[in-house]
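Some notes on the structure that comes next.
Values quoted throughout were computed directly from the atomic coordinates according to the rules given, and no laboratory measurement underlies them. Predicted model only: the values in this text are computed from it and were never measured.
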Amino acid sequence: MWENMWIFLSINTSRSLFSVCNRWCYAAVVCLLFAPVRMDDACPSSCVCARDSGTVTCRDGEDTEVPRDIPEWTSTFILKGRNISTLQRGAFSVNGTELAMTTLSLSYNRIQTIEPYAFLGLSRLHVLDLSHNQLKSISSRAFHGLLELRSLYLNDSILPPATTQLANALSAQSLHNLHRLELAGNMLKSIPLMRLDIYNLHALVLMNNSIESIGWENVTNLFQERRIRVYLSFNPFRCNCELEPFYYWLKNSSQCPDAGRLLCSEPEAKRGVPVEKLNREDVDCMKENLEAVSYVFLGIVLALIGVVFLMVLYLNRGGIKRWLNNIREACRDQMEVYHYRYEQDSDPRLANVAV
């Protein structure tokens, strides 16, 4: 009897457990069907994915935002030819997941604004290319979180409204491991080094900008960091006294590999002359200062002579007046004599007597 009862209870318990399991399995299946589960191998639409090399390439299109379904295995992400006007905060962060991306290329996307923390979630990024965009606004925290960034490319991207913001954006503590910075073709008038941590910087490319001169402070910073190499060709250097510190830095340092291609644009007499081949007299501030002092001194001497001359005239005004009156009387008497002789010679009666 007890054995039959035990068998009955076991069968009922098994049926209950089986029913509960069926219900849980059914709920799990429903959740899997309707939940937005992202497959690890999924490739964003209009993109080409190569998992073997870890590369995702998205070229051309009308999208105005960065794809949100970038695979987690992506190491190189190339996005080109889109119309992304703004890189929003956390543009590459999906549900707080950090990507193992090391190279990010965003050239030719018409990007105008980079908001704070735009690259959040890319702490392993080594290379960032933002060249050939139209940046008008760059947040001071635009590059926050890029602790391992080694190379930053901003060629032909910085418009005049963003030039003043560039120094603040580059001064982020996140960029203290930056090795290469390219800023060619941005119409920059000065080197953005004042607030940039250059202790680990190896290459600074500033070709084809609007730099006319480099002052003492920047030259001192460059001279102290002997490892850095600065590329400055195709800039309109003004070869006058203000170029003196930079001129001596070029002469005594090998930190500018393209020094032979640095040409003067002003003054007209030195246009096209390599900066390295200038004479010391051409950039000698002391000589120019002495010449300026000499011209000032000459002007003062001439002014004093003029004052003395006017004072002499004033003190002798009475005698000068009498002298002028005497000259006038003498001239008038002489003119009367000539007039009398002319009347005598022109009288016809005197002419008949002579005949």
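Quick notes on this structure:
- Working note: Karplus 6.51/-1.76/1.60 with θ = phi - 60° gives region 250-267 the couplings 4, 5, 10, 9, 10, 7, 10, x, 9, 4, x, 9, 7, 10, 7, 10, 9, x Hz, where Gly and Pro are set to x.
- Tail beyond 14 Å, pair distance distribution of region 238-281 (Cα, percent): 43 percent
- Note on residue 127 and residue 59: the extension gain reaches 22.6 nm, defined as 0.36 nm multiplied by sequence separation minus the Cα-Cα distance.
- All distinct Cα pairs of region 48-283 go into the 1/r average, and the inverse of that average, the Kirkwood radius, is 18.9 Å.
- Only lysine pairs 8 or more places apart or on separate chains count here, and in region 48-283 those with Cα atoms under 24 Å apart total 7.
- Using C-alpha pairs under 8 Å with a sequence gap of at least 6, the mean separation divided by the residue count of region 48-283 gives a relative contact order of 10 percent.
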